[in-house]
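One structure below.
What follows draws every value from the coordinates through simple rules; no lab data is involved. Keep in mind the model is a prediction, meaning the values are calculated, not measured. Counting neighbours? That spans all protein chains shown, and the Cβs are built from the backbone with ideal geometry, glycine included.
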Amino acid sequence: MTELKNVVHTNFNILLRSINPSIELLGELMSVDIIKEHLPTVRRQQTLNEKNDVLLNALTEVPTEFQKSVMNAVVAALKSTGQEHVANIFHRESDKNTMSETHYTGC
């Protein structure tokens, strides 16, 4: 399994609840052709989990030869929209972390 697919599969549940599929994030992802085609479907979903499910599944479908560039673009989009803690799941660059599962379920 390639790196992007592996990261998504391994961290699916935490990504599902952590990504904020904001208008800003989706706008940033418009520049990623492979993801761009999935964005209308993402936008049509009713809940955050449904939006993230479509987005994450789109990431698992990225062809192997484009995975590194797509992952870099997703990380950049997350960071530019204030979601550095989520970007760190894909590529650790800072000490910002997502909420632990225990803390999340206790909230």
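Key figures for this structure:
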{"quantity": "Residue, farthest from LEU55 (Cα to Cα), within the stretch 3-45, restricted to residues that are exposed (fewer than 15 other Cβ atoms within 10 Å of the Cβ) and β-branched (Val, Ile, Thr)", "calculated": "THR10"}
{"quantity": "Pick from the stretch 51-83, criterion charged (D, E, K, R) and under 12 Å from ILE19 (Cβ atoms), ranking: surrounded by the fewest Cβ atoms within 10 Å (Cβ to Cβ)", "calculated": "ASP53"}
